[in-house]
Amino acid sequence: MTPAADELTFSRIQPGAVFRVERTFTAEDVLRFAALSGDHSPLHVDPDYAATTEFGGCVVHGMLLGSLFSRLVGMHVPGKHALYLGQDLSFRRPVRVGETVSATARVEAKNEATRTVVLLTEIRNAENAVVVSGTARVKVRDNEPVNAEAAAPRASAASGRAAIVTGASRGIGAA
């Protein structure tokens, strides 16, 4: 049976909200990811080799750790209505096979015009050290009516003139 995804709508997602999942990746998880991705680096899948490295054992693939962010977006924030637009990742520390990690996504911002949310994402190990960090952009594809007032361009109070920026969803366009 497939677990049901949450169904958060754009209006129910609030800046500051935090979503969390926890996971312990096993040697079997790493081997299955290696088979799926084709990344059979001995650092990940060969315990004898990995024992001779500075890590002293097999390390979980960074992209396997990153899949926790996909789980947060696709199952929780917003869940069913998600369209993942982008994710930047910084891998700060290795995670050994068998370590428990906690992944979080904190809603940093919302853009009514594009129906997108920006999530600050991070994974911490059992010692609470950040092992992966980044930022995600997610479109919320619900059927809620768009708040036309919030999405409409506004004239500058100082000049009484309006500017429309088209074709931009980041930086100035997002603002």
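The values are calculated or read from the model by the stated rules, or taken from the named source; none is laboratory data. Treat the numbers as computed from the prediction; the structure is a model and nothing was measured. Methodologically, a virtual Cβ is constructed for each residue, glycine included, from the backbone with ideal geometry; neighbour enumeration extends over all protein chains shown. All accessible areas refer to the heavy atoms of the entire protein, side chains included, with ligands and DNA or RNA removed. Shrake-Rupley method; radii C 1.70, N 1.55, O 1.52, S 1.80 Å.
Out of the residues in the stretch 131-163 that are at pLDDT 90 or above and polar (S, T, N, Q), state the one that is farthest from Ala109 (Cα to Cα).
So the residue we want is Ser133.
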(request) May I ask you to list pairs of residues, at least six apart or on different chains, whose Cβ atoms are under 8 Å apart, with the first in the stretch 18-34 being modelled with pLDDT of 95 or more and the second being in a strand (DSSP E or B) and open to solvent by 90 Å² or more (accessible area, probe 1.4 Å)? (result) Val18/Arg106; Phe19/Arg106
(request) Check every one of the helices (runs of 4 or more DSSP H) wholly within the stretch 1-86 and list those with 3 or more residues that are open to solvent by less than 80 Å² (accessible area, probe 1.4 Å). (result) 27-37, 42-45, 62-75
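So which of His76, His44 ends up being under 26 Å from Asn128 (Cα atoms) and in contact with an Asp or Glu (Cβ under 6 Å, 6 or more places away or on another chain)?
His76
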